[in-house]
Amino acid sequence: TRHSCKLIGSVFETAASMVASSRSYADFTPEATFDIKKVDLHRLEEGPPLTATLTREEGLKYYRTMQTIRRMELKADQLYKQKIIRGFCHLYDGQEACAVGIEGGITLSDHLITAYRAHGYTLTRGGTVREIMAELTGRRGGIAKGKGGSMHMYTKNFYGGNGIVGAQVPLGAGVALACKYLGNDQLCVSLYGDGAANQGQIFETYNMSSLWKLPIIFICENNQYGMGTSVERSSASTEYYKRGDYIPGLRVDGMDVLCVREATKFAADHCRSGKGPILMELQTYRYHGHSMSDPGVSYRTREEIQEVRSKSDPISMLKDRMLSNNMASIEELKEIDIAVRKEIEDAAQFATTDPEPPLDDLCSHIFANDQPFEVRGATPWTKLTSTS
């Protein structure tokens with residue numbers, strides 16, 4: 001009898017929760033408009049709007065993507081400490097609003113190139129968690145077939161993942177030149193950090209891009225520290241959005257996904273209208289050290305990191321907006337969190353069991369479309385084959 005009562009009670013609870021769920025889904029606010037932080041302008045009469053409209057679907061999508069990036073990076077941290085991931089590894093947690101906001105302001109047919117903190121962009125550009133995690137562990141199922149690692153991941157219209165400081169910026173201008181030459185109304189987003197902002201090749205690229213009016217958005221992700229050096233100690237001018245001089249610039253709150261999205265839309269419209277390049281500085285923050293070899297607390301305090309987490313966390317900011325405007329329920333967001341955790345765990349399981357690429361694959365993929373050819377190995381009598 002007691003078991004029957006429990007069963008009946010459980011059925012009633014399930015039915016009640018289903019009714020409540022269907023009722024609450026119908027009652028959710030489908031769309032809301034939020035005030036966003038004013039953008040600082042350089043050589044512009046007017047900038048992005050001071051408000052941003054968010055639909056419920058967009059909000060849930062942004063939340064899930066940012067949460068996926070966060071959890072993926074925390075799992076990478078764990079696997080690195082277990083010595084399953086080796087070598088260079090630069091984590092993106094804290095900066096999720098930059099990647100997700102930029103993608104919200106352009107299309108997947110546009111192009112993007114970044115530095116070596118690339119896991120988040122690999123995901124937003126169309127890569128899967130499974131492919132990214134397997135690449136980190138150097139397995140055949142990785143997005144670069146286990147031969148690229150943390151810094152060298154690619155997808156369609158995403159050109160990495162580049163290990164040389166600042167070198168991706170002129171490559172991005174080359175992509176933008178191709179867009180202009182082909183007349184396809186596409187643009188290139190070329191990202192770099194505050195640590196790369198003093199590189200000469202960046203200023204050379206500003207000059208060429210401006211002369212040729214290339215459709216390129218230069219984006220400086222200013223996370224306040226270049227390796228262990230603060231921006232104040234490395235740059236005579238920390239107003240990176242003005243560094244283009246003759247190129248218009250925007251300084252944006254990089255911790256607010258809506259602020260980044262609206263600024264990116266504005267910048268994209270500028271490029272597509274034929275006005276040439278534009279520069280954006282996203283003021284953001286990384287929670288981890290520069291790389292996994294950097295504990296991240298020798299040049300900044302734990303209190304500083306905690307303050308940013310508590311006051312400016314991009315995921316918490318979006319979550320609070322959605323909950324306070326009845327755009328989602330706590331239960332619904334928890335369900336997303338559980339699903340994301342499961343996806344990460346499944347990907348980690350795959351990344352630790354998938355086989356490593358064989359030696360025979362070492363020289364493959366040198367060319368995209370070519371007949372197989374022979375490549376000399378480390379010695380004249382060692383022969384390898386390259387296939388496309």
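The values are calculated or read from the model by the stated rules, or taken from the named source; none is laboratory data. What you see is a predicted model; the values in this text were computed from it and never measured. Virtual Cβ from ideal backbone geometry, glycine too; neighbours counted across all protein chains shown. Note: accessible area is taken over every heavy atom of the protein model, side chains too, but ligands, DNA and RNA are not part of it. Shrake-Rupley method; radii C 1.70, N 1.55, O 1.52, S 1.80 Å.
Taking a probe of 1.4 Å, how large is the accessible area per residue of the chain, in Å²?
For the chain, the per-residue accessible area is 49 Å².
May I ask you to derive the relative contact order of the chain, considering only C-alpha pairs under 8 Å and at least 6 residues apart, and to give it as an integer percent?
20 percent
Compute the signed sum of charges (Lys and Arg +1, Asp and Glu -1) over the other residues within less than 13 Å, Cβ to Cβ, of Met227.
Overall, the nearby charge balance is +2.
Based on the mean of other Cβ atoms within 10 Å per residue, sort peptides 263-269, 360-366, 51-57 so the most packed one is first.
263-269, 51-57, 360-366
Using a Cα-Cα cut-off of under 21 Å, which lysines could be cross-linked to Lys180, ignoring same-chain neighbours fewer than 8 residues away?
Counting by Cα, and skipping residues close in sequence, Lys180 has these lysines nearby: Lys156, Lys213, Lys265, Lys275.
For Gly166, what is the net charge nearby, where nearby means another residue's Cβ is under 14 Å from its Cβ and Lys, Arg count +1, Asp, Glu -1?
Here the charged neighbours net out to -1.
How big is the antiparallel share of DSSP beta bridges in the stretch 34-357, given as a percent to the nearest 5?
Around 30 percent of the beta bridges assigned by DSSP in the stretch 34-357 are antiparallel ones.
Report the full-extension gain for the segment Glu356 to Ile336: residue separation times 0.36 nm, less the Cα-Cα distance, to one decimal in nm.
Extra length available between Glu356 and Ile336 comes to 4.0 nm.
For the chain, what is the largest minus smallest coordinate of the Cα atoms on each principal axis, given in angstrom and ordered from greatest to least?
So the extents along the principal axes, rounded to whole Å, are 81, 63, 47.
Counting Lys +1, Arg +1, Asp -1, Glu -1, what net charge surrounds Glu57 among other residues with beta carbon under 12 Å of its beta carbon?
Working: positive: Arg56, Lys61, Arg64; negative: Glu31, Glu58.
Once positives and negatives cancel, what remains is +1.
Applying a 10 Å radius around every beta-carbon, put 324-330, 59-65, 214-220 in order of their mean neighbour count, most first.
Result, highest mean Cβ count within 10 Å first: 214-220, 59-65, 324-330.
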